[in-house]
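Visitor: The structure under discussion is supplied below as C-alpha cells; questions concerning it will follow.
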Amino acid sequence: MFKKDQKFENFTEAETIIGESVLVKGNFESNGNLIINGSLEGEIKTKGAILAGEKSKINANISAQEMMVKGNVVGNLNISDYLAIGENAKILGDIKCSQISIERGAEINGQVSISSQTNKKEKDIEVERIETDNSL
Amino acid sequence: MNVFIYDAITEKYKKSTRRFEERINALGLQGKIIYLQSIKNHKEAIDQEIRNGAKTIIILGNDQTVNLIINILANISENIPVFIVPIGNNNNIAESMGIKNEKEAAFILSARRMENVKIAKANHLFFINNCQITNKSTNLKIDNSYSIYSEKETKYKIINLIDKESFLKNIKSSPQDDVLELIIKNKGNDISVFPIKKDLEIKNDQEKILLDNSIEIDSPVNISISKKTISFIVGKERFF
C-alpha cells in the first residue's frame, strides 16, 4: 500500500457522505471531501478528495484533487493529484491524474493519462482494457 | 430589565419553576413576568417590552415555547439576548445551548456568556434546532443542483443547531455558519450527510414536516438559513 492510500483508510472528515441506500441525481459541487457508498448519477466536482467505497455505483464524470475508487465508476476521472484504484474497482472511462496506484484485480476500460506535476513529463497509456491479474 | 416569559407548562412544573425563581432572587436577577396564556397577542406584548427597554428575554418552557418566541423575535429588528430555562420535557434546544436543567440555569444566566445563532426558515416559519420527516416517498432537491432518493423507509433530519443524538454520532453542524446539514438515516449505521448551502426543497404528499419537535407543516417546504441572527446566553457545555 502506498503511504498516500493510508489517508483514505482514515477518511472520516468528509463534508458529504452518500450512504448505501441513497441515490443522488444531478450536478454535485463541493469544496470538501466526499464519501460515496451509495449511487450517484450526473457530475461530481470537488476541490477535496473522494472515497468511493466498494458498494458505490457512480455514473458520472468526476473532477477532484484526490480519489480512491473501490467500487464501480462509469465516467471520466479528472484527478489533479493522486488516484488510487482498489482491487475490486471497475472503471469504464478515461482517466487523467498526476499520480496513480492500481491494485491487482482492478478493471479499467479507457485511456489513462498520467501527467506528473513535478517533472512535467506526461505518460499516455492508451488501452482498450486493463485488467490486472491477481491469480499470479 | 429582564423579561421572563412563562409558558403554561410552568403551572404543571411548579416546583422546578419555584427552584429557578429562588435562585434568580438570590442572584438579584429579578424582572418583569409575562404569562403567555394570559396574553392574546404575543408579538404585540413582546414588542411592547422591547420598546420599554427589555435587556434580556428569558423563556421558561420547552422547545415548543422557544419556537413560538423565536418566530416572534425573527420578525423584530432589535437583537435582544435570549435565555432558555428548560421546564418539563422536550427541551432539546436548551440542552444544545448547554442548559441542562432549571437548577443550573440561574447561574448560566448570571454568567451571560453569549453566542450568536442563525435562525433557519421553513416556508414562512422559523426554526432553530431542526426539522424532520420520516417517509420513503420524500423528494428532496438541494441547492437546485441535485436530487436525493431513497427506496427504503428513511428518516430525514435538517439540522441547524445540533441536538444530543447527532452530537453523540460525531456529526458536525454549526448554527453560526450559513450551512444547514441534511442527515438521512436508514436502518443500521447507514447514514448520509449533505451540506445545504442555499436551500432544500422537500415534497411529500403523505407526511407533514416537524419543526423543532413542535410544529407540523404541510409539504412542499423550502428550507434555508434566514438572515436573522439572535444572541443566546449559553452554558459552557453547549454542543457548538
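Visitor: Would a scan of region B:197-218 turn up a residue that is touching a Pro at 6+ places or on another chain (Cβ under 7 Å) and not in a strand (DSSP E or B)?
Guide: So in region B:197-218, the residues touching a Pro at 6+ places or on another chain (Cβ under 7 Å) come out as B:201-203.
So of that shortlist, the ones also not in a strand (DSSP E or B) come out as none.
No, that holds for no residue.
Visitor: Out of curiosity, is residue B:68 closer than 16 Å to residue B:214 by Cα and in contact with a Phe, Trp or Tyr (Cβ under 7 Å, 6 or more places away or on another chain)?
Guide: In short, no.
Visitor: Could you check region B:148-173 and list, in sequence order, the residues that are more than 13 Å from chain A (Cβ to nearest Cβ), in a loop (DSSP other than H, G, I, E, B) and farther than 11 Å from residue B:120 by Cβ?
Guide: Those that are more than 13 Å from chain A (Cβ to nearest Cβ), in a loop (DSSP other than H, G, I, E, B) and farther than 11 Å from residue B:120 by Cβ: B:162, B:163.
Visitor: Taking region B:177-199 on its own, how many of its residues are more than 11 Å from chain A (Cβ to nearest Cβ) and over 20 Å from residue A:30 (Cβ atoms)?
Guide: Count: 0.
Visitor: Might you let me know whether region B:10-30 holds any residue that is aliphatic (A, V, I, L, M) and farther than 22 Å from residue B:104 by Cα?
Guide: no
Visitor: Can you tell me which residue in region A:19-49 is nearest to the other protein chains (Cβ to nearest Cβ), limited to those that are assigned to a strand (DSSP E or B) and among the acidic types (Asp, Glu)?
Guide: This residue is A:29.
Visitor: Within region A:80-90, can you find the residues that are among the hydrophobic types (A, V, I, L, M, F, W, C) and either more than 8 Å from the chain's Cα centre (by Cα) or surrounded by fewer than 22 Cβ atoms within 10 Å (Cβ to Cβ) (or both)?
Guide: Step one: list which residues in region A:80-90 are among the hydrophobic types (A, V, I, L, M, F, W, C), which gives A:83-85, A:89.
Scanning region A:80-90 gives a single hit, A:89.
Visitor: Name the residues in region B:120-146 that are part of a strand (DSSP E or B), of a type in the set (S, T, N, Q) and buried (at least 16 other Cβ atoms within 10 Å of the Cβ), would you?
Guide: Once the filter is applied, which keeps residues that are part of a strand (DSSP E or B), of a type in the set (S, T, N, Q) and buried (at least 16 other Cβ atoms within 10 Å of the Cβ), region B:120-146 yields B:130, B:132.
Read-outs: derived from the displayed coordinates by stated rules, not from any lab. Since the structure is predicted, the reported quantities are computational estimates derived from the model, not experimental observations. All Cβ positions, even for glycine, are placed from backbone atoms using ideal geometry, and neighbour counts span all protein chains on display.
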